[in-house]
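What follows is a set of notes on a single structure, which appears directly below.
The values are calculated or read from the model by the stated rules, or taken from the named source; none is laboratory data. Because the structure is a prediction, the values reported are computed rather than measured. Methodologically, a virtual Cβ is constructed for each residue, glycine included, from the backbone with ideal geometry; neighbour enumeration extends over all protein chains shown. Just so you know, the surface numbers come from the protein's heavy atoms only, side chains and all, with ligands and any DNA or RNA stripped out. Shrake-Rupley method; radii C 1.70, N 1.55, O 1.52, S 1.80 Å.
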Amino acid sequence: MSYTKRFSGRKFDELRPFEAKVGVVKRADGSAMFKIGSTIAIASVYGPRELYPQFLQDPKKGVLRCNYNMVAFSGSGDRVKPGPSRRSKEIGLVTEKALLPFIDLSDFGGAVVDVFIELIQTDAGTRCAGINAAALALAHAGIPMKDLVSAVAVGKIEDKLVVDLDYEEDSHEIGVDIPLAMSTRTGEISLLQMDGIISVEEVKNCVENARKACEKIKEVQVKALKEFYGLEAKK
Amino acid sequence: MGILVNDKDVVVPGEILAEGMDFVPSGDVFRDGEKLVSGRWGLVSVSGRILKLIPLSGKYVPKRNDLVIGTIENVGISGWRIDIGCAFSASLLLRDATQEFIERGADLSKFYDVGDYVMCQIVKTSGPKIIDVSMKGPGLRKLGPGKLLKVAPAKVPRIIGKQGSMISMIKEMTDCKISVGQNGIIWLVGEDPKKELTAVDAINLIERESHISGLTDKVKELLEKRK
């Protein structure tokens, strides 16, 4: 079998239309929205603030906590049960691990930076959209960072390598999904998950595709932060 | 090679500001091999060979001798905890609290109660969690009821203006009492609520347009229009 044309009609290395916006939650210390195709993630950052209960504190550096949540009727499938689930806890954890290498919390010993990611509409690629939004929100909150983290899902459908899988592709029987987060400046990868069967050579090609896609995403992230400053000044 | 940005450019974390060894990194700029990289969202400040950033957001980082405005958070047995807008609350010890004599076992809430606003000075910081403030010194006092505004600490110098020109203009034209803390917290009170709102708008205008030159004229125009 051969996957000759994508369900969405896109090219194999084409991303869905994407946009980013900063300062969407007024009461938060930092916030951002990242939309890719029909997936919309809103991230808000609170802190650094004192961490309780006290035994969770690390006196040498601050703690990052990420909370991932899909809104009840955000997906095309069944209603998502509100509250934490096995899946949301896992994604919260991988988001935290994806962001942590690029943020510097050494000045905030004993404190916590809370990141809340809400997915108000989903069509696959939610953890990547969440990471993109969270990176922007952390920068907006003034947290010291080594780079903005960009994330995208790459994979393989039947015999073709694809970039930015939507729900139809994600749930394809003969498919591989690889969400990937990286710093485009240093080339370091902080998230790489995978399901399905794929050869080493193909994984290498997927990573290369992701790198190119992340560079495009980063451009939009940078533009959003710079434009926000301009907009604030014009108000 | 050389510098890649201009003075007062907006930069984002991870942006390369200069290449080569001609420039020296300072405050929120770090060196990564041959490159100088921005570590925060902020405005570039180039002074000679030194590159640094003026952060556009973020919590206040306490510095010794800073005059700050805070809210009493808790009354303890030997002092008070004060929220000064940074990650941790500051402590006001009994000996630094007042010139008055405090009897053993006295009710400390008679001096400063929870929710009171105070103007205090940071006397000691060691590590992120230990911040000691004092109420002994000129201008340090309990502030009484009023409005609290929060602005980015980096914008405080612009709100005060050269030798206090900006803030005294707002005070004169709105008949408000205004105190500005270096932590970005501003306390203000006026007899006329309309004038009070005008002062708030003027401060918000300065915060939004702090990087634009000719700001004094713009603020003056706003104040005269609303008079």
Mind checking which residues of segment A:145-182 are surrounded by fewer than 22 Cβ atoms within 10 Å (Cβ to Cβ) and closer than 13 Å to A:Phe102 by Cα?
A:Lys146
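If you scan segment A:162-190, which residues turn out to be more than 14 Å from chain B (Cβ to nearest Cβ), in a loop (DSSP other than H, G, I, E, B) and acidic (Asp, Glu)?
Hits for segment A:162-190 are A:Asp164, A:Asp166, A:Glu173.
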Quick one: is A:Val115 buried (at least 21 other Cβ atoms within 10 Å of the Cβ) and under 14 Å from A:Ala43 (Cα atoms)?
yes
Condition met for B:Arg81 (within 30 Å of A:Tyr52 (Cβ to Cβ) and either touching a residue at least 40 places away in the same chain (Cβ under 8 Å) or crowded, with 20+ Cβ neighbours inside 10 Å (or both))
no
Inside segment A:85-98, the number of residues satisfying the requirement of being touching a residue at least 12 places away in the same chain (Cβ under 8 Å) and either assigned to a loop (DSSP other than H, G, I, E, B) or in contact with a helix residue (DSSP H, G or I) (Cβ under 6 Å, 6 or more places away or on another chain) (or both) is 3
Would you confirm whether any residue within segment A:191-205 is in contact (Cβ under 8 Å) with a residue 24 or more places away in the chain, in a strand (DSSP E or B), open to solvent by less than 40 Å² (accessible area, probe 1.4 Å) and closer than 23 Å to A:Ser38 by Cα?
yes
Condition first: among the small types (Gly, Ala, Ser) and open to solvent by 30 Å² or more (accessible area, probe 1.4 Å). Can you find one or more residues in segment B:85-97 that meet it?
no
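Being within 18 Å of A:Gly142 (Cα to Cα) and either more than 14 Å from chain A (Cβ to nearest Cβ) or in contact with a Lys or Arg (Cβ under 7 Å, 6 or more places away or on another chain) (or both) narrows it down to one of B:Leu43, B:Leu56, so name that one.
B:Leu43
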Taking segment A:24-58, which residues are within 17 Å of the chain's Cα centre (by Cα), over 18 Å from A:Ala213 (Cβ atoms) and either of a type in the set (S, T, N, Q) or surrounded by 20 or more Cβ atoms within 10 Å (Cβ to Cβ) (or both)?
A:Gly30, A:Ser31, A:Ala32, A:Met33, A:Ile40, A:Ile42, A:Ala43, A:Ser44, A:Val45
